[in-house]
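Data block below; observations after.
The values are calculated or read from the model by the stated rules, or taken from the named source; none is laboratory data. From a predicted model like this one, the values you see are computed outputs, not experimental measurements. Here the Cβ is made from the backbone with ideal geometry for all residues, glycine too, and neighbour counts use every protein chain on show. Just so you know, the surface numbers come from the protein's heavy atoms only, side chains and all, with ligands and any DNA or RNA stripped out. Shrake-Rupley method; radii C 1.70, N 1.55, O 1.52, S 1.80 Å.
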Amino acid sequence: DFLRALAGVTTDGRARQGAIYDAMSNLYRKTGDHDRALRYAELGLTLREEDGDLLGIAKSQGNLGLLYRSIGDYAHAVAAYTEAMSTYARIGNQELVAVALLNIGAAFYLDGKVDEAVRRYQASLAISRALSLPLLEIKAHYNLAEAYPALARMDAASEHWQLGYHLCRQHTFDDQEQDFVALRTTLAL
């Protein structure tokens, strides 16, 4: 389907081609074909750079971050997410800056750099609160509740768990609420 979509895109549809390449990259990332995923991700980014589409460029950089994170290359994941975050900041999209900060934090957390992860999660939480973005705020609380025990900060973990769980119930985010219930069991909160 993606190849047929590519064949139907005219030469002036670089943004659409870049989006299709990113989608193909995500498909191959999920199937474990990382070499092919990387090739498509790089093609998507190149097309968007040639087109000057800043939002598309940042999305492609975030896509590369996901790919690097899935293969355990956390340094490159952080670099890609940081580039995406810088681009989002340049175009003034604070919501996507908050998402990028969560992704950067996750890469640091998976790399065992919990202090760095917590700093990014806290920064994302601050933006999410300032912009009244409850779903992102919930995700930041979840990540903080998950990270703080690695720093022997069970009090902070419990606080963020409670805040996040309350927001889930307040805004009826049932899926996230179930994630918090599972986390409570895992961390014995």
Checklist entry - Can you list the lysines whose alpha carbon is less than 21 Å from that of Lys59, not counting same-chain residues fewer than 8 positions off? => result Lys30, Lys139
Checklist entry - So what J values fall out for region 170-185 if you push phi through Karplus, 6.51 cos²θ - 1.76 cosθ + 1.60 with θ = phi - 60°, rounded to Hz, Gly and Pro as x? => result 4, 9, 6, 8, 5, 4, 5, 4, 5, 4, 5, 4, 5, 5, 4, 5
Checklist entry - Where Lys and Arg each count +1 and Asp and Glu each count -1, what net charge lies around Asp111 among other residues with Cβ under 11 Å from its Cβ? => result 0
Checklist outcome for this item: Between Met154 and Leu27, the FRET efficiency computed from the C-beta separation at R0 = 25 Å comes out, to the nearest 0.05, as 0.05
Checklist outcome for this item: For region 65-174, the percent of accessible surface on carbon and sulfur atoms (probe 1.4 angstrom, ligands and nucleic acids excluded) is 51 percent
Next on the checklist: Just to check, using Stokes-Einstein with a Kirkwood Rh over alpha carbon pairs, what's the diffusion coefficient of the chain at 37 °C and 0.692 mPa s in µm²/s?
Outcome noted: 188 µm²/s
Next on the checklist: Over the chain, with the other protein chains present, what is the accessible area per residue in square angstrom, probe 1.4 angstrom?
Outcome noted: 52 Å²
